[in-house]
Amino acid sequence: MSPGAPYHHFPDRRSLLVAVALEGYRTMFEASEQAAAASTESALFINLLHFIRFAAANSNMFTLMYESELVRPRLSPELAEAQDVGFRLLRSEVIAATQHLSEYERSLRIATIWSAIFGFALQTNRAMLRGQPMEPMPDELAPEIVRQALRLLA
């Protein structure tokens with residue numbers, strides 16, 4: 001393939017990167033849905049754990065989707081739409097589990113859970129979390145991080 005071949009399909013580099021990132025979201029959401037359907041764990045637990053595992057298994061794609069020029073200085077509208085799909089999924093699952101909370105309390109918990117999950121994925125991908133002697137490796141920590149974050153829903 002020649003270096004110019006992609007430009008027969010995309011007007012510029014940014015358009016190509018947006019298309020690749022959107023494919024990443026599609027793949028992530030589809031695999032998450034399949035994992036949740038095949039598990040006896042709660043869909044919320046599985047979806048959050050899958051997010052962490054997707055980030056670890058697809059670190060370059062994750063960077064494109066969440067840390068690249070497509071999100072800074074302003075989030076690409078196409079990616080904003082894809083991220084909104086994920087947020088609505090998270091929000092609907094949290095609402096189902098937290099009927100006892102006010103909307104304000106629920107919003108605080110969603111922000112805290114997302115910060116913990118996204119932060120863990122980001123730190124793992126940047127190799128900021130390394131298993132020290134007597135500490136589990138990040139892939140072993142992931143389910144416990146999700147469990148701890150979900151304790152906020154009680």
Self-check item: Any chance Ile145 is in contact with a Phe, Trp or Tyr (Cβ under 6 Å, 6 or more places away or on another chain) and under 26 Å from Met61 (Cα atoms)
Solution: yes
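Output yes when any residue across the range 124-142 is free of Cβ contacts under 8 Å to residues at least 60 places away in the same chain, under 16 Å from the mean Cα position of the chain (by Cα), assigned to a helix (DSSP H, G or I) and exposed (fewer than 11 other Cβ atoms within 10 Å of the Cβ), and no when none is. Full working, then the answer.
First, pick out the residues of the range 124-142 that are free of Cβ contacts under 8 Å to residues at least 60 places away in the same chain: 126-137, 140-141.
In the following step, the residues that additionally are under 16 Å from the mean Cα position of the chain (by Cα) were identified as 126.
Subsequent filtering for residues that are assigned to a helix (DSSP H, G or I) retains none.
Within the range 124-142, not a single residue is free of Cβ contacts under 8 Å to residues at least 60 places away in the same chain, under 16 Å from the mean Cα position of the chain (by Cα), assigned to a helix (DSSP H, G or I) and exposed (fewer than 11 other Cβ atoms within 10 Å of the Cβ).
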Practice problem: Kindly check whether there is at least one residue in the range 35-58 that is surrounded by 13 or more Cβ atoms within 10 Å (Cβ to Cβ), farther than 26 Å from Arg91 by Cβ and without any contact (Cβ under 8 Å) to a residue 60 or more places away in the chain. | Solution: no
Quiz item: Inside the range 89-101, can you point out the residues that are surrounded by 13 or more Cβ atoms within 10 Å (Cβ to Cβ) and not in a loop (DSSP other than H, G, I, E, B)?
Solution: Leu89, Leu90, Arg91, Glu93, Val94, Ile95, Ala97
Quiz item: Of the residues that sit in the range 28-43 and are more than 13 Å from the chain's Cα centre (by Cα) and aliphatic (A, V, I, L, M), which one is nearest to Val146 (Cα to Cα)?
Solution: Ala43
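Return the only residue of Val94, Val85 being of a type in the set (A, V, I, L, M, F, W, C) and closer than 19 Å to Gly24 by Cα. Steps first, answer last, please.
Values: Val94 fails: closer than 19 Å to Gly24 by Cα.
Exactly one residue qualifies, and that residue is Val85.
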Practice problem: Under 7 Å between Cβ atoms, at least 6 apart or on separate chains: pull out the pairs that start in the range 77-96 with a residue that is touching a residue at least 24 places away in the same chain (Cβ under 8 Å) and end on any residue that is among the β-branched types (Val, Ile, Thr) and not in a helix (DSSP H, G or I). | Solution: Leu79/Val71
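Which of the residues belonging to the range 1-55 are part of a helix (DSSP H, G or I), of a type in the set (A, V, I, L, M, F, W, C) and farther than 22 Å from Ser76 by Cα?
First pass over the range 1-55, keeping only residues part of a helix (DSSP H, G or I): 5-8, 13-37, 43-55.
Narrowing the set further to residues that are of a type in the set (A, V, I, L, M, F, W, C) leaves 5, 16-22, 28-29, 31, 35-37, 43-46, 48-49, 51-52, 54-55.
Matches in the range 1-55: Ala5, Ala31, Ala35, Ala36, Ala37, Ala43, Leu44, Phe45, Ile46, Leu48, Leu49, Ile52.
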Practice problem: Tell me which residues, restricted to the range 72-88, are of a type in the set (A, V, I, L, M) and surrounded by 17 or more Cβ atoms within 10 Å (Cβ to Cβ). | Solution: Leu79, Ala82
Quiz prompt | Leading residue by the ranking (surrounded by the fewest Cβ atoms within 10 Å (Cβ to Cβ)) among those in the range 59-71 that are of a type in the set (A, V, I, L, M, F, W, C) and outside any loop (DSSP other than H, G, I, E, B) | solution = Met61
Quiz item: Which condition breaks for Val18 when tested against (1) over 24 Å from Ile145 (Cβ atoms); (2) touching a Gly at 6+ places or on another chain (Cβ under 8 Å)?
Solution: (2)
Quiz item: Do you know which of the residues in the range 102-120 that are touching a residue at least 24 places away in the same chain (Cβ under 8 Å) and of a type outside the set (D, E, K, R) is surrounded by the most Cβ atoms within 10 Å (Cβ to Cβ)?
Solution: Phe120
Quiz item: Can you pull out the residues in the range 26-75 that are touching an Asp or Glu at 6+ places or on another chain (Cβ under 9 Å) and of a type in the set (Ser, Thr, Tyr)?
Solution: Ser42
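Values quoted throughout were computed directly from the atomic coordinates according to the rules given, and no laboratory measurement underlies them. Model, not experiment: these values are computed from the prediction. Because the Cβ atoms are built from the backbone with ideal geometry, glycine has one as well, and the counts that use them run over all protein chains shown.
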